[in-house]
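Read the structure below first, then the notes.
The values are calculated or read from the model by the stated rules, or taken from the named source; none is laboratory data. Since we're looking at a predicted model, the values are computed, not measured. Glycine also receives a Cβ, built like all others from the backbone with ideal geometry; neighbour counts cover every protein chain displayed. Note: areas computed on protein heavy atoms with side chains; ligands, DNA, RNA excluded. Shrake-Rupley method; radii C 1.70, N 1.55, O 1.52, S 1.80 Å.
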Amino acid sequence: MTSVPAAPATSQRRSRLRDFLTSRPILKLRRNRLAMVGMVIALLFLLIGFFAPIIARPSAGSNCLRDLGASSPQQVANPLDRVFWQAHFAAPATCYAIERESFSPVPTPPSETARFGTSQGYDIFYGLVWGTRTMFKLSFIIVGITLVLGVIIGAISGFYGGWIDNLIQRFIDVLFALPGLVLTIILITFLKASNPGIDPSLPIILAFTVTGWAGYARIVRGDVLRTRQLEYVDAARSLGARDPRLILKHVVPNSLASALPIAILDLGTVPLGIAALSFLGLGFPTGYAEWGQLVDFARAWLQPQYWYVMVYPAAFIILFSLAFNLFGDALRDAYDPKTR
Amino acid sequence: MKKVALLSSLLVAGALVGTAQAAVAKDTLVVQWSSDVPTLDPSATYDTASGAIVENLYETLVTYKGASIRELEPLLATKWTISNGGRTYTFDLRKNVKFHSGNTMTCADAEYSFERNLVTNAAESGNWFIAESLLGTGSNANDDKSITWAKIDKAVECNRAGQLVFTLPKVDPAFLSKLAYAGQSIVDRQHAIRIGEWKGTEADWRNWIGKDLQGSNLSKQPSGTGAYRLVRRDANAILAQAFDGYWGKKPAIKNVIIQRVPELAARQQAFLRGDADLIEAGGRANIEEQLKGKPGVVIVDGLPNTVASAFFMNQNIKDASRLGSGKLDGRGIPANFFSDVNVRRAFAYSFNYAQYIRDVQNGKGKQRTMLLPDSFPGYDAKIKTYTYDPKQAEAYFKRAWGGNVWRNGFTLNVAYRAGSVPAQTAMEILKKNIEALNPKFRINIQPKEWSAMLNDSKAGKEPMIIIGWAPDYADPDNFMYTFYSSNGYYFPRSNWKDAQVDKWLEQARETTNTATRNRLYSLVGQRAYEQSPYILIPAGVGIIAHRDNLLGVSARTYNPMISFSDTGTLWRDLSKK
Amino acid sequence: MLNFIVRRLAQIPLVMLALSVLIVALTMLLTPAQRAAGYIRSDQQAAQLERIIRERGLDQPFPVQYGKWLQSTLSGDLGFSKASGQPVLDTIIDRLPNTIELTLLTAIPIILIGVWLGTLSALHKDRFIDQVLRVFVVLGYSLPTFVLGIILLAVFYGYLGWLPGAGQVEVVNQFAIGDLRRYTGMLGVDALLNGRFDIALDVLRHLIMPALTLFIVSSATILKVMRNNMLEALTSDYVRTARAKGLPERTVNLKHARRNALLSVITLGGFLIINLLSGSIITETIFAYPGIGQWVVQSALQLDVPAVLGFALLSAIIVVVVSTLTDILYGVVDPRVRFD
């Protein structure tokens, strides 16, 4: 038993993948054509976000190129160049500053240099493409943290019950007593005011984490309460499994089934929440690549001749949201025990 | 049955979206602003939104003559005399003036108004400068124990002839213009006491020291002598009506409505459709691109601007974390980086004034010679100005710090007030030009919340900031002392000290002779050009848009000291056809 | 039952206390000078920053400051809101009825139409009407409030000019409002009670776009839940039994299936009211509607601490009362629920 043959392992994995793909929820999902369209669009957005440096290439002489140590914009698109890798995996902060064509607030229509036109002097195309990147980055971080926090706290709450459960649930009650948006706004303004010069993403991440984990915790707790009574958990306990091990190995994986589809849906809703905040003038500084402020800029230029300042950002946001909702909803339905 | 329901709901919908709209009536002025109005109590008024309403409900002793900011004329006073070497002012008050409550104005009301300002003198209010004139300190009795009731009582008194007498501790050339400020309006003493304000006597004066009056009872129920009286005020509108008992000419416009509409697009549409006569239009670019040339819209351009803004170059930066490496090694700056005049001049030559005027001010801007509005007395147009000149900038950078700046480069961290687009743009322009001079020059720009910015800049922690000053009263001292004196309010932000300049500015405070003062201010301006402690940001040219049926708005009548900057006049001077 | 209500309502002061401690604690993140900045508006006033700190005791430790706030709150003084230029209590009294009016006008159609269309959609599963409604649901889900609001504003106000774009009544009626006798504080309702149908109609015209925005975004949720529940109920055993007994199709659908499906809609209705309150934050901002949401955004942005605290207290009351009401209603509809 010292060496395990490799072949069976891969075949086993492959069959597990096949099992997964042919499991009932996934089959149901695969049959839903709209959901598949949604998934494809969502993946496209993901690709746009990842390949932002190529799609909206920083122009020559920009601070982004300077900080990348590149001498020409072509280097960004060349996979053999170090710059390519740095731009895609560790882009310096200056690349997230929307390129500015002019300092005049008057919009200019789509042209060679700014494909979607400019708004407040900023290149709309660059802002939307790099904004996708910002949004995904934050979205993954926030959903990741909230999911982990929510699962852990929810599992503890449900598994132990008693006063711990009570304390956690009452705390969640207090959090829920304030509309999430208001709590987020308060947290961000206070965090930003107390830490001037802080990276703008940090207050956003913290605020969304504070308001986001409780939702998962409630779901997971409910699930844990249900699975706790299942026989195999009892069996494991009678075999001497310790509490943390028990939670991790048996209770949590089962509860994840209901939390994960929601997490995927949240990957789509968190960016919209962030965009709504910057629409209200909170969150990112002017000129940072993200979506909400591009809509905010459009507020002052609603006349038909400036259609592009409104239409492109709105279309981008709606399409993104639509894609995630089509896919996420179907996913949730597929895993919803009620409709199974 | 279903069909009937459907039909009737369609009918209702039709009635609801009907486009027929009543245009604004001839006797009604509709104004839309984005911001709210903090207070209607003159004593607490220290912002233009409040001032714009208060100056129409209340009146001051003196006011600016027409569009002039140099000449004052009597308003609630009829004449005044100055005696005792410029330290006693005696005012004759207008007779038969009625408050909105019906009470007749007497000298007791005027005395009460000023004493109330001196007693309360809340930190948020603008009463510090009247206290400076009358008590010799900007503080109230809580902060400065030398202020007694007797001192306040003596500073402003009514004599037997019913005249109002001010006694100043020392000469103040700006005293009269301070009296023209809306915050120094005469309030209705009897009415105020009746609704629970300070009783006007020594008995309860201690309870009122430092009291914030923004939400006072008087703010809720104002009673002034102004041509308009408050009808109602709710979350999103202020309604005023012409006051029948007004002592002066009956105003042509009977109703005034100030609406709060935060959305710019909504304001623009209301204006273009004639639903609003005046709006906060969002700046020159928006007016020129979206309102100019549209039917029913009149543009008034070329209006004076009384704000002075500048880049502050802090010569003694007191926060190590903002300095990078703290050395001239390309990765930071030393704390006294800007103490070398060559650095300051190089920066002043690096700012593209013309581009700023073109892009930010839509081509309408003016480079001033000093940090004083060009319409103010004491402004000297003959002093030289800096221009954008990369060659000169390079030459001065090469000379700075023994050549180390040019050889090693620097990284400078600058901040602007979050949300201030003009400040951000100005910094981006400066950054672009300076970084183009030498690849070793780097400027990082970051936004900071106002709350943090205020204190960090005041504590001298910010290497470079942009701030402006708007006049409290039309006297050059209000600007010159603030910016250029080492005892001035802005000194901790720039840490620029010049003994000669300090002396000139003190001298200008001690005389009322206009010619002497003008000469002294010219000297300060000239010295400031040579030393370049600030980069002067071009001043925008004022522009307003109004509906064509509104009469009485023109560049000739526009007074920049009037808080109602929508027309630069009082409401009573407007009419509609 | 009474016992249950009393016990639930007893939570209000506790939640209020917890929320206020939380918020005051958050303000302690700021330095006294930063807190003082919440009381001023101009650079000029900043000259007096130290005086403001001293006069308001902003440099005192947390327990002292909290104690001071608590004391004045208990004596009925919630402080002065810089954002509204009014005492906090007056602001709430002025603005809350407006938000309630908007919420009522939106919530009632949302629930009625949502339930009706949801039923329709389920009964005609996979037929044309169902397909159309499902598209509507996904769109409604996917349109972020701020994008939808701006689009409506641009189209119906900016482009077509059919509807007023901002505020609560036309200018001509601003003066007339002062003569109305206020019974409820809700302008439209009061106008009706005073027999001023012209004003009521005017108010209604101003409410259409904000209400429509909220309606489109929120009705999708109810519709979807109703459809799913209805589908589930239609396949349940007792509906099949009822059908087998030969009861008319209509009776079965409405009496048996719908009744059951409504249960979870009630719970959702409670959530809906709370969601509408936070949805109104953005909607009120876009349409300049003088409600409570517009005010809270401004207050948070300006670090207007008394206002934020006042709103938190109000929010605690609303959330607890609404959720208690929801539970009671649930019990009325479903006799299986016992309040103990």
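Do we find that C:Ser299 is within 12 Å of chain A (Cβ to nearest Cβ), closer than 30 Å to B:Ala270 by Cα and touching a strand residue (DSSP E or B) at 6+ places or on another chain (Cβ under 8 Å) in this structure? Spell out the reasoning first.
Values: within 12 Å of chain A (Cβ to nearest Cβ): yes; closer than 30 Å to B:Ala270 by Cα: yes; touching a strand residue (DSSP E or B) at 6+ places or on another chain (Cβ under 8 Å): yes.
Yes.
Determine whether C:Leu30 is at pLDDT 80 or above, assigned to a helix (DSSP H, G or I) and open to solvent by less than 30 Å² (accessible area, probe 1.4 Å).
no
Kindly check whether there is at least one residue in the range A:64-80 that is within 26 Å of A:Phe320 (Cβ to Cβ), in contact (Cβ under 8 Å) with a residue 60 or more places away in the chain and within 14 Å of another protein chain (Cβ to nearest Cβ).
For the range A:64-80, residues within 26 Å of A:Phe320 (Cβ to Cβ), in contact (Cβ under 8 Å) with a residue 60 or more places away in the chain and within 14 Å of another protein chain (Cβ to nearest Cβ): absent.
So which pairs qualify, if the first residue must be in the range A:174-191 and within 12 Å of C:Ser20 (Cα to Cα) and facing another protein chain (nearest Cβ under 7 Å), the second must be open to solvent by 10 Å² or more (accessible area, probe 1.4 Å) and among the aromatic types (Phe, Trp, Tyr), the Cβ gap must be under 9 Å, and the two must be at least 6 apart or on different chains?
A:Leu178/C:Phe311
Looking at the range A:92-110, is at least one residue of a type in the set (Gly, Ala, Ser), part of a loop (DSSP other than H, G, I, E, B) and open to solvent by 40 Å² or more (accessible area, probe 1.4 Å)?
No, the range A:92-110 contains no residue that is of a type in the set (Gly, Ala, Ser), part of a loop (DSSP other than H, G, I, E, B) and open to solvent by 40 Å² or more (accessible area, probe 1.4 Å).
Do we find a residue being more than 11 Å from chain C (Cβ to nearest Cβ) and not in a strand (DSSP E or B) anywhere in the range B:226-240?
yes
When you scan the range B:418-437, do you find a residue that is touching a residue at least 40 places away in the same chain (Cβ under 8 Å) and farther than 20 Å from B:Ser309 by Cβ, even just one?
Yes, the range B:418-437 has at least one match.
Would you confirm, using the coordinates I've provided, whether C:Ile5 is more than 20 Å from B:Ser216 (Cα to Cα), under 26 Å from the mean Cα position of the chain (by Cα) and not polar (S, T, N, Q)?
Answer is yes for this residue.
This table checks each residue for (1) farther than 30 Å from B:Pro377 by Cβ; (2) within 14 Å of chain C (Cβ to nearest Cβ).
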residue: B:Ile434; (1), (2): yes, no
residue: B:Gln446; (1), (2): yes, no
residue: B:Asp456; (1), (2): yes, yes
residue: B:Met464; (1), (2): yes, no
residue: B:Tyr473; (1), (2): no, yes
residue: B:Asn478; (1), (2): no, yes
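Could we say that C:Leu104 is closer than 18 Å to C:Leu214 by Cα and surrounded by fewer than 17 Cβ atoms within 10 Å (Cβ to Cβ) here?
Yes, satisfied.
For B:Gln269, state whether it is within 14 Å of another protein chain (Cβ to nearest Cβ), open to solvent by 10 Å² or more (accessible area, probe 1.4 Å) and in contact with a helix residue (DSSP H, G or I) (Cβ under 9 Å, 6 or more places away or on another chain). I'd like the intermediate steps shown before the answer.
Details: within 14 Å of another protein chain (Cβ to nearest Cβ): yes; open to solvent by 10 Å² or more (accessible area, probe 1.4 Å): yes; in contact with a helix residue (DSSP H, G or I) (Cβ under 9 Å, 6 or more places away or on another chain): yes.
So B:Gln269 passes the test.
When both residues are 6+ apart or on different chains and their Cβ atoms are under 7 Å apart, which pairs have a first residue that lies in the range C:316-337 and is within 17 Å of A:Leu178 (Cβ to Cβ) and in a helix (DSSP H, G or I), and a second that is open to solvent by less than 40 Å² (accessible area, probe 1.4 Å) and at pLDDT below 80?
Cβ pairs passing all conditions: C:Ile318/C:Leu277; C:Val319/C:Ile274; C:Val322/C:Gly270; C:Val322/C:Ile274; C:Ser323/C:Gly270.
Could we say that C:Phe146 is open to solvent by 60 Å² or more (accessible area, probe 1.4 Å), under 30 Å from A:Gln305 (Cα atoms) and either of a type in the set (Phe, Trp, Tyr) or under 26 Å from the mean Cα position of the chain (by Cα) (or both) here?
No: the conditions fail for C:Phe146.
Of the conditions (1) touching a helix residue (DSSP H, G or I) at 6+ places or on another chain (Cβ under 6 Å); (2) of a type outside the set (Lys, Arg); (3) within 29 Å of A:Leu47 (Cβ to Cβ); (4) open to solvent by less than 40 Å² (accessible area, probe 1.4 Å), A:Pro285 fails just one. Which one is it?
Result: A:Pro285 fails condition (1) only.
Taking the condition part of a loop (DSSP other than H, G, I, E, B) and touching a His at 6+ places or on another chain (Cβ under 6 Å), does B:Ser101 pass?
yes
Among the listed residues A:Ile153, A:Ile198, A:Ile219, A:Ile164, which satisfies the condition of being over 17 Å from the mean Cα position of the chain (by Cα) and within 14 Å of chain C (Cβ to nearest Cβ)?
Result: A:Ile198 is the single residue among A:Ile153, A:Ile198, A:Ile219, A:Ile164 that is over 17 Å from the mean Cα position of the chain (by Cα) and within 14 Å of chain C (Cβ to nearest Cβ).
Give me the helices (runs of 4 or more DSSP H) completely within the range C:182-264, filtered to those with at least 3 residues that are open to solvent by less than 50 Å² (accessible area, probe 1.4 Å) and more than 11 Å from every other protein chain (Cβ to nearest Cβ), ordered by residue number. Don't jump to the end; show me each part of the working.
Numbers: elements: C:187-193, C:197-234, C:237-244.
Fully inside the range C:182-264 and qualifying: C:187-193, C:197-234.
Matching residues to (1) touching a strand residue (DSSP E or B) at 6+ places or on another chain (Cβ under 9 Å); (2) surrounded by fewer than 16 Cβ atoms within 10 Å (Cβ to Cβ):
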position	(1), (2)
B:Val62	yes, no
B:Lys79	yes, yes
B:Gly102	no, yes
B:Ala131	no, no
B:Ser139	no, no
